[in-house]
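The next block holds one structure in the form of structure tokens; read it before the comments.
The values are calculated or read from the model by the stated rules, or taken from the named source; none is laboratory data. These numbers come from a predicted model, not from an experiment. Quick note on the areas: whole protein, heavy atoms, side chains included, nothing else; ligands and nucleic acids left out. Shrake-Rupley method; radii C 1.70, N 1.55, O 1.52, S 1.80 Å.
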Amino acid sequence: MDVPTSAGSEELGTLIRSLLEEEEEDDHGTNKARIPYAFFAKVERTTRSRNPTTGEPATHTRVDEIDITDFASLKAFLKDYRKEVSTEQTLALTYQPLALFKVRPVTRCTDTLPGHTEAILHVSYGPDGKNLASGGGDATVRFWDVHTSTPRHTCKGHRDHVLSTAWSPDGVRFASGDKRGMLLLWDPVKGEALGKMQAHSKWITGLAWEPMHKNHGKCERLATS
């Protein structure tokens with residue numbers, strides 16, 4: 001099939017879709033989504049060397065597939081590779097479908113969990129997926145039951161915005177850090193504070209527990225930043 005050198009990736013994609021009898025319509029209905037394609041040109045390259053044993057000249061030929069998707073047109077590609085591709089020869093093109101990622105908008109809210117009186121600044125799920133914890137601008141940490149969408153505990157101890165939260169890998173402890181650099185450890189089952197320390201002079205914006213397998217299954221170490 002002859003293709004004009006003015007054709008670019010869009011024109012080549014339209015041609016491929018028409019040959020494959022695809023329908024360029026949105027996938028929310030019964031039709032397929034428009035699939036993007038990458039295109040490659042087969043370029044034959046010849047290298048010359050000498051046989052290390054006999055000293056005679058040897059010629060080696062290999063075929064490379066060059067990605068031409070980002071070129072404005074075939075003409076632009078031919079101009080850049082004019083030393084390797086002759087306009088008097090047939091240029092073989094291949095195509096490959098690209099991954100199609102689409103994020104569908106959330107159209108409805110399944111649950112609402114009222115409780116915080118100020119902005120919620122950090123949310124984290126427990127390791128079992130059944131519990132949720134949140135920290136907010138009202139200086140509280142709140143634990144929630146995911147299945148019933150009800151509050152378990154409202155924990156007070158911070159004196160400023162709770163900026164970061166983290167569950168221990170075994171789900172037995174919970175850590176929270178605030179704007180004043182204060183770190184608190186909680187018992188998520190009882191909703192009680194286990195410890196408190198001035199970890200930083202300013203904001204704590206990140207918390208991370210040591211993986212269980214690093215300390216014989218004990219979740220005792222925590223990093224803050």
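Computed quantities for the displayed model
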{"read-out": "Average Cα contact separation per residue, the stretch 156-225, under 8 Å, 6 or more apart, as relative contact order %", "value": "27"}
{"read-out": "Equivalent ellipsoid semi-axes, the stretch 76-120, via Cα gyration tensor eigenvalues times 5, rooted, Å", "value": "58, 15, 6"}
{"read-out": "The chain: translational diffusion in µm²/s, Stokes-Einstein, Kirkwood Rh over Cα pairs, 4 °C, 1.567 mPa s", "value": "55"}
{"read-out": "The stretch 29-131, accessible area per residue, ligands and nucleic acids excluded (1.4 Å, Å²)", "value": "80"}
{"read-out": "Nearest 10 degrees, 0 to 90: helix 9-19 Cα axis against the chain principal axis", "value": "80"}
{"read-out": "For the stretch 174-225 and the stretch 115-167, distance of Cα centres in Å", "value": "14"}
{"read-out": "Accessible surface of the stretch 51-119 [probe 1.4 Å, protein heavy atoms]: carbon and sulfur percent", "value": "51"}
